[in-house]
Structures are given as C-alpha cells and as structure tokens.
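Q: This is the structure I have questions about; it appears just below.
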Amino acid sequence: MKIALIQGSADEAGLHIQLSPGWKFYWRTPGEGGVPAQFDWTGSRNVTRVDVAWPAPKRIPLGKSEIYGYGGEVVLPLRVERRQADEAYGLDLMIEYGVCKDICILRNDRLILRSQDTVPIANLALLAKWRARVPQPAAQAGLQLVSHRLKPDRLIVVLGSQTPLQNPDLFVEGSAESWFGRPSITMAADGREVRFDLAATYPPGKAGQPLRLTLVDPALQAELVLPP
C-alpha cells in the first residue's frame, strides 16, 4: 500500500491512501473489531489545527463480522488552519492506523508535506472527487428527521429526503461501548421517506447520549445528530 499527504489549493490538503488488492482501511468508526486511526499533528509548522473529513464508508464483510471503511483508494480531505495566515505551513503527521485483509494489522507512519505555491492539477481533481463524497449536513442535503424511537435493544429512525433515495444505508455512531447492527430498511414507493430499524446495544448509562447518523445513498450522503 501507499500512504502520503498531498497538497490542494489554499489551506486544503489530503491524506491519499492506495491499498493493495483485498486490503481495507477503516472509517472513523471502524465497525466490529476495527481500529480507528489516530492523528498526531504536533510536529507541524505554522499550524494551529487540522480538520479531517471522512468520505462516506462502505460495509465490508470480514469473516463473521463487518467493518466500515474503504477499499482500493481513498482520500481524506484535510482543512489546515494556519497560525500566521500569510506564511507557508508544513504538515508533519504521525499516524497510527489499522488495515485489514484476512487479518488486521496496525501500522505507524510519519508523513511530511511542505506547502508549495504550485499545486498539481491532478491533486485538485482528486481532492474534489473525494470531498464530494463527504456527507453534507442534513439540512444542506435536503434530509430531515421525521421521527425516531429508542428502545432498550433497538433504534428506529424515519428520515425524509427531498431527493428520491435509491439504495440507502445508515451508519450510527454513539459512545465507544455502543453497538448498532445492519439496519432493516423500509422505503416509500417514491423514495422520499425511509425507515431504518437497527438492533442496538448500550452500556449502562449511555442510552441517553446523542447519536450521529450518516446516511449513504447513490443519490446523496448526509449527516445529522439524533438528540438524546
């Protein structure tokens, strides 16, 4: 596999990951038994923070379990906040992450990028492609929460969409100890309303925490926070 930082325009960069056939890279919430990536930017120059954006994931079977992530290639768009806006920046990333095929392994890499005045056009196109796959806020994507119900062992969510949905899936993120299964999906004939029914497990005292929902569909990708 190959992993590298690439520069975009202005204060945008990207983490470009190219995987060997059959290997997978985890999403921010990796699914059953996965390992989320850890980013350490403290060695960077003229940088106050780096925001990592995550393109919509896929469900990937792994033995008897299921992980959330990417295969082949993925670019995580990065937004760089400079300490001095008129000075160049340099990224110095220590990243710990997992990749898996038949087995999963942990890797540690140091990646360095120095900002340049000239950016390859190919970088701009690649970043634009993957930023378009980052879920939008629900209101911006024309998605709304119709209803939700939280039971001791289930979560039921109904969403409405201005754009007809085609083949929707829903990823739910809660506390680190929470678990949500693959949803059972019922969709209206016109594709503008969809009901998700998921098995859920909450540790004691965690059922009232906010949940982040990520809708993934060929027509759109969107996120919203489910209130407690």
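One line per residue, one yes/no per condition, for (1) in contact with a Gly (Cβ under 8 Å, 6 or more places away or on another chain); (2) not β-branched (V, I, T):
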site	(1), (2)
V74	no, no
P77	yes, yes
Y89	no, yes
M94	yes, yes
Y97	no, yes
I112	yes, no
Q116	no, yes
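Q: For D169, state whether it is out of contact with any strand residue (DSSP E or B) (no Cβ under 9 Å at 6 or more places or on another chain), open to solvent by 20 Å² or more (accessible area, probe 1.4 Å) and more than 27 Å from R49 (Cα to Cα).
A: no
Q: What is the one condition in (1) surrounded by fewer than 15 Cβ atoms within 10 Å (Cβ to Cβ); (2) at pLDDT 95 or above; (3) not aromatic (F, W, Y) that G14 does not satisfy?
A: Going through (1) surrounded by fewer than 15 Cβ atoms within 10 Å (Cβ to Cβ); (2) at pLDDT 95 or above; (3) not aromatic (F, W, Y) one by one, G14 breaks only (1).
Let's see how each residue does on (1) in contact with a Cys (Cβ under 9 Å, 6 or more places away or on another chain); (2) within 23 Å of Y26 (Cα to Cα); (3) among the acidic types (D, E):
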site	(1), (2), (3)
K101	no, yes, no
R107	no, yes, no
D117	no, no, yes
A122	no, no, no
L127	no, yes, no
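Q: From the set of residues in segment 1-34 that are of a type in the set (S, T, N, Q) and not in a strand (DSSP E or B), which is farthest from V134 (Cα to Cα)?
A: Here the answer is S20.
Q: Just checking, which of T163, T186 is part of a loop (DSSP other than H, G, I, E, B) and among the β-branched types (V, I, T)?
A: Of T163, T186, the one residue that is part of a loop (DSSP other than H, G, I, E, B) and among the β-branched types (V, I, T) is T163.
Q: Another question, if that's okay. Being modelled with pLDDT under 95, surrounded by fewer than 16 Cβ atoms within 10 Å (Cβ to Cβ), in contact with a Gly (Cβ under 9 Å, 6 or more places away or on another chain) and assigned to a loop (DSSP other than H, G, I, E, B) is the filter here, so list the residues in segment 189-206 that pass it.
A: K206
Q: Among the polar types (S, T, N, Q), open to solvent by 80 Å² or more (accessible area, probe 1.4 Å) and at pLDDT 95 or above - does that describe any residue in segment 146-162?
A: Taking every residue of segment 146-162 in turn, at least one turns out to be among the polar types (S, T, N, Q), open to solvent by 80 Å² or more (accessible area, probe 1.4 Å) and at pLDDT 95 or above.
Q: Starting from residues that are open to solvent by less than 20 Å² (accessible area, probe 1.4 Å) and in contact with a Phe, Trp or Tyr (Cβ under 6 Å, 6 or more places away or on another chain), keep the ones in segment 51-73 and report whichever is nearest to W27 (Cα to Cα).
A: G69
Q: Only one of Q38, Q116 is in contact (Cβ under 8 Å) with a residue 60 or more places away in the chain and surrounded by fewer than 20 Cβ atoms within 10 Å (Cβ to Cβ). Can you tell me which?
A: Q116
The values are calculated or read from the model by the stated rules, or taken from the named source; none is laboratory data. Since we're looking at a predicted model, the values are computed, not measured. Cβ sites come from the backbone with ideal geometry, for glycine too, and all protein chains shown count toward neighbours. In case anyone asks, the SASA skips ligands and DNA or RNA and just uses the protein heavy atoms, side chains included. Shrake-Rupley method; radii C 1.70, N 1.55, O 1.52, S 1.80 Å.
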